[in-house]
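The values are calculated or read from the model by the stated rules, or taken from the named source; none is laboratory data. Everything numeric here is computed off the predicted structure, so don't read it as measured data. Glycine gets a Cβ as well: all are built from the backbone with ideal geometry, and neighbour counts include every protein chain shown.
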Amino acid sequence: MLDWELSTIGHHLSDLANLLNPFYLPTIGHFTGLRDVIDLPIPAVDELIHYYYLQLNRPYPVPRFEFAIVFSLFRVSEREHNRECSLDKGRACHATTTNLVPDTI
C-alpha cells in the first residue's frame, strides 16, 4: 500500500522510518502493529535497515535513527487526528487546510 500523504520524495531516513513504523507499534483497534509479534516470518528491523542502507550505499548503523522513527510517528498521529476530526465534522478541520492554493492560481 502506498501512502502519498506521508511520502517524502526520497528522503532516506523519513522513507525508511515510515516503512518501519509498524515494528514500533502495538496492535491498537483496527491498526495491526508488529511490536509484540513473536517470530515474524520476515527480517528483523535491524536487518531491514542494514539492507536498505547497503542498497543506498550509505554508512550503517544510522546515527540517531530513533529520531526519524519518533518524527514519523508524530506525522502519522497528526494525520490520524485530522482524519478523525474531518470525519466527525464532515469537512477539513483546519482553516489552512482549505487554503493551500492561493485564489490567484
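Remarks
- Candidate set: segment 61-104, residues that are among the acidic types (Asp, Glu) and either surrounded by fewer than 10 Cβ atoms within 10 Å (Cβ to Cβ) or on the phi > 0 side of the Ramachandran plot (or both); chosen: the one modelled with the lowest pLDDT: Asp103
- Being of a type in the set (Lys, Arg), out of contact with any Asp or Glu (no Cβ under 8 Å at 6 or more places or on another chain) and either surrounded by 14 or more Cβ atoms within 10 Å (Cβ to Cβ) or modelled with pLDDT of 90 or more (or both) is a property that Arg58 has.
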